[in-house]
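Colleague: Let me give you the structure first, and then I'll get to my questions.
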């Protein structure tokens, strides 16, 4: 692998990592914030989900903006906005102020996945797409792994406000590196000509991108809806873990903030190498078959089925065993989310549609995912335990696996973007 692509791998991985370090600060800080603001469990659930509301509303507009402005400008804009919002969250004086700042953070973070997906399509050969997408997405697990320990220490030592200040500062440091180094592969000076030719000749899709299709045309494609629903069913579990896992461990295992932060880090730390390995494996399994066939769907569904093992949670009392189950579930669901994004890229013929298509996909993920913190808050408040919270997540994973297998068998080629290669898609197993 050339040094240019290695740099892009580092940039997209660390961007996603910092995004999720920011998200886990609130989870680790929850007991202190509840005490300082005097809020209930249900109000905490709303605070957990606040950034997802604006994220959900703005991810598709960001996707359209990514297609128009390009990855360098759109990524920098999003990172700047959410870094500012993170600093402001640390200055919040009440529940309502914190809620507004979380909305602003969600607005900025909504740029991440559409811009990241377009960066991968521009920089990575099609044969590396599964690996690249899972590396990018596993930043969402490295962030909580590092953040749970780092923020657990900072919050327990210096208070919850310092946690947000540190996270916001990390965002600005990354922003400087992005502006200094990132360029398109056509013009980047940090890659050799051999690597440039490989990228431009093997990144897939139409050689010359056509005019971007309107969102309404993309929504007429069956496979868009298949990936949309599958992503939603997967992301629900992602946000269940992301928002409630530290609180769950504190409430059911009697752990301190510092210890719950360490225990929370374990499943995420396992998920990082695990998702990368599965992403690499998906590319290996596709060798000899065109990525356009959509065969990646099989591994997406398999990972969702494996992740549904969290249905066993209510019957597990041993802490080590529950961490093992959570580690397997997070590894599999992280792989499913990343590979589903890669599957969308595989099926999408016109590169000009990447930002908006991924905006639709991420909207699907967050449309369902936004419910996880709130539903869990009501379930825990109403039942006094977490059993039914994991039941809901497990059932959604089973539904998502079925939808992925059935509804992602056609190319995503709206309007006149069809030709004989459709036979390759439809003939795929």
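Rule-based calculations on the coordinates, nothing more; no lab input. These numbers were taken from a predicted model, which means no experiment stands behind them. Cβ placement follows ideal geometry from the backbone for every residue including glycine, while neighbour counts extend to all protein chains displayed.
Colleague: Contact order normalised by length for the chain, with contacts defined as Cα pairs under 8 Å and 6 or more residues apart; what percent is it?
Modeller: Numbers: 807 pairs, mean separation 117.6, N = 429.
Value for the chain: 27 percent.
Colleague: Treat the count of other C-beta atoms within 10 Å as a stand-in for reagent exposure and order 53, 174, 123 from fewest to most. Intermediate results must be reported in sequence, preceding the final value.
Modeller: Details: 53 17, 174 20, 123 24.
Ascending number of Cβ neighbours within 10 Å: 53, 174, 123.
Colleague: Of the candidates 215, 24, 238, which one comes out as most mobile in a Gaussian network treatment of the chain with C-alpha springs shorter than 10 Å?
Modeller: Most flexible of the set in this elastic network: 215.
Colleague: For residue 317 and residue 216 in one chain, what is 0.36 nm times their gap in residues minus the Cα-Cα distance, to one decimal in nm?
Modeller: Working: separation 101, 0.36 × 101 = 36.36 nm, distance 4.90 nm.
That pair, residue 317 and residue 216, stretches by 31.5 nm at full extension.
Colleague: Over the Cα atoms, compute the radius of gyration (one decimal) and Dmax (the largest Cα-Cα distance, rounded to a whole number) for the range 45-195, in Å.
Modeller: Looking at the range 45-195, its Cα Rg and Dmax stand at 16.9, 56 Å.
Colleague: Here's a follow-up. With n ≥ 4 as the cut-off for DSSP H runs, can you work out [θ] at 222 nm for the chain, using -39500 (n - 2.57) per run divided by the number of residues, rounded to the nearest 500? Display every interim value, and only then the final one.
Modeller: Values: 17 runs with 333 residues, N = 429.
For the chain, the value works out to -26500 deg cm²/dmol.
Colleague: Let me ask something else. Sort all Cα-Cα distances of the chain into consecutive 20 angstrom bins from zero, then give the percent of pairs in each bin up to the one containing the longest distance.
Modeller: Over the chain, the share of Cα pairs per 20 Å bin runs 29, 59, 13, 0 percent.
Colleague: Obtain the nm distance between the two label points defined at residue 162 and residue 387 by a simple spin-label model: each point lies 7 Å from its Cα along the Cα-to-C-beta direction.
Modeller: 4.1 nm
Colleague: Okay, next question. Roughly how large, in nm² to one decimal, is the mean projection of the convex hull of the alpha-carbon atoms in the range 129-232? The partial results should precede the final answer.
Modeller: Working: hull surface 42.1 nm².
Projected over every direction and averaged, the Cα hull of the range 129-232 covers 10.5 nm².
Colleague: Helix 3-37 against the longest principal axis of the chain: what's the angle in degrees, Cα atoms only, rounded to the nearest 10?
Modeller: So the helix axis and the longest Cα principal axis differ by about 20 degrees.
Colleague: From the square roots a ≥ b ≥ c of the eigenvalues of the alpha-carbon gyration tensor of the range 86-136, which class results: rounded (a/c under 1.5), prolate (a/b over b/c), or oblate? Walk me through the numbers on the way to the answer.
Modeller: Working: a/c = 5.07, a/b = 3.99, b/c = 1.27.
Taking the square roots of the gyration eigenvalues as a ≥ b ≥ c, the range 86-136 is prolate.
Colleague: To continue, here is another question. Would you mind classifying the range 37-92 by shape? Square roots of the alpha carbon gyration tensor eigenvalues, ordered a ≥ b ≥ c; an a/c under 1.5 is rounded, otherwise it is prolate if a/b is larger than b/c and oblate if not.
Modeller: Numbers: a/c = 5.80, a/b = 1.95, b/c = 2.97.
Note, shape of the range 37-92 comes out oblate.
Colleague: Which order results if 327, 216 are arranged by neighbouring Cβ count within 10 Å, fewest first? Write out the running numbers ahead of the final one.
Modeller: Values: 327 17, 216 8.
With the sparsest Cβ surroundings first, the list reads 216, 327.
Colleague: Kindly put 292, 202, 186 in sequence by how many other C-beta atoms sit within 10 Å of each C-beta, fewest to most.
Modeller: If I rank by nearby Cβ atoms, fewest first, I get 186, 202, 292.
Colleague: Right, something else. How far is helix 387-407 tilted off the main Cα axis of the chain, in degrees rounded to 10, range 0 to 90?
Modeller: Relative to the chain, helix 387-407 is tipped by roughly 0 degrees.
Colleague: Please work out whether the range 114-189 counts as rounded, prolate or oblate from its C-alpha gyration tensor, where a ≥ b ≥ c are the square roots of the eigenvalues and a/c under 1.5 means rounded, while otherwise a/b larger than b/c means prolate and anything else oblate?
Modeller: Working: a/c = 4.23, a/b = 1.90, b/c = 2.23.
The shape class here is oblate.
Colleague: Follow-up question, since we're still on this one. With axes computed from alpha carbons, what is the tilt in degrees of helix 319-347 against the longest principal axis of the chain, rounded to the nearest 10 within 0 to 90?
Modeller: 30 degrees
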